[in-house]
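The values are calculated or read from the model by the stated rules, or taken from the named source; none is laboratory data. Bear in mind that the values here come from a model prediction, so they are computed numbers and not experimental data. Because the Cβ atoms are built from the backbone with ideal geometry, glycine has one as well, and the counts that use them run over all protein chains shown. Protein only, heavy atoms only, side chains kept; ligands, DNA and RNA dropped before computing areas. Shrake-Rupley method; radii C 1.70, N 1.55, O 1.52, S 1.80 Å.
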Amino acid sequence: MKRFVLAAFVLLLLAGLAEAHEVRPAYLRIHQSTDEQFEILWRVPSMGDLRLGIGVRMPDHCRQVDKPLAWQEGGTQVERWNVICPGGIAGRGVEISGLSSTVIDALVRYERLDGTTQVERLTPARPGFELSDSESLFQVAATYTLLGIEHILLGVDHLLFVLALLLLVPGKRKLIWTITAFTLAHSLTLAAATMGWVHVPQKPVEAVIALSILFVAMEIVHWRQGRPGITRQWPWLVAFTFGLLHGFGFAGALSAIGLPENAIPLALLFFNIGVEAGQLIFIAAVLLAWFVLAKFSWPQWAWRVPVYFIGSLAAFWTIERIAGFA
């Protein structure tokens, strides 16, 4: 019973994260066309005609050579223009002006003339960075590890699936096998989709991910009613099957960020390591809180609160995402 009460507290936290996850990051791509010319692509989250008051501040010696081409793309305001920077921009700073006054992040991708890239994650506390003239493998590893951790910890649907498994799976040994199966499965499809070996439409994947959470929530209810289902008996099989789908979801997020052409395996490896690290952080936090709450007694009906909340939210996501197919 204590684990279900704990889940209710965790859900309150995830509800807050869900709101944060809806605030999409800004995205800046700097593509080097010639030694001194660069194409800028700038995406800013917006709501109708309202957009965040943030902008791109290129190095001072750069000058804009054409009028920005602007258009609306879903909930994003997109602009594209070109700049000339005599002598190039290596060793110079780029900043997102106004970012320190917001609560969002900005992803920056610098594509050099030789095909190498530099990817940075800017935050309100760190709104700028220095452009480098070469690719650092350490920088690639560090950046993609942090991006993986951030993605899983803000990916409320993935965390809800893991939480539902924690509520349902009996025994430490079976739980370890279940989480291992989930990890192996989404690692496989993440790699396959990112490398271009498998192509799956993202919208149906997101809908089935929501459906997987609903399925496990229903399995918890059936178990509590004395009718244990396949997830209770063979949780590793269900975790592996749905883990394949969750991997495609991770791949969709990674494709939006992009991978450095000369270090794709390294970036993919450390993004996956970041995802696993974030998942383990979440599980450890849940188990720690579980240990503390085990010292208290709770009413028998308390288990229904987190389970029905998980199921209701998953059902809403399923309907919402299917409706978005049109």
- Could you tell me which of the residues Gly258, Gly226 is surrounded by fewer than 17 Cβ atoms within 10 Å (Cβ to Cβ), free of Cβ contacts under 8 Å to residues at least 40 places away in the same chain and either of a type in the set (Val, Ile, Thr) or at positive phi (or both)? Gly226
- Residue satisfying all of: in region 188-209; closer than 14 Å to Leu269 by Cβ, touching a residue at least 60 places away in the same chain (Cβ under 8 Å) and of a type outside the set (Gly, Ala, Ser); most open to solvent (accessible area, probe 1.4 Å) among these: Met195
- Per the filter on region 61-74, residues surrounded by fewer than 12 Cβ atoms within 10 Å (Cβ to Cβ), touching a strand residue (DSSP E or B) at 6+ places or on another chain (Cβ under 7 Å) and touching a residue at least 24 places away in the same chain (Cβ under 8 Å) are Val65
- Note on the structure: Per the filter on region 31-49, residues of a type in the set (Val, Ile, Thr), assigned to a strand (DSSP E or B) and either at pLDDT 95 or above or surrounded by fewer than 17 Cβ atoms within 10 Å (Cβ to Cβ) (or both) are Ile40
- Residue ranges of strands (runs of 3 or more DSSP E) in region 85-139 with at least 3 members surrounded by fewer than 15 Cβ atoms within 10 Å (Cβ to Cβ): none
- closer than 23 Å to Ala277 by Cβ and not in a helix (DSSP H, G or I) - does that describe any residue in region 174-193? no
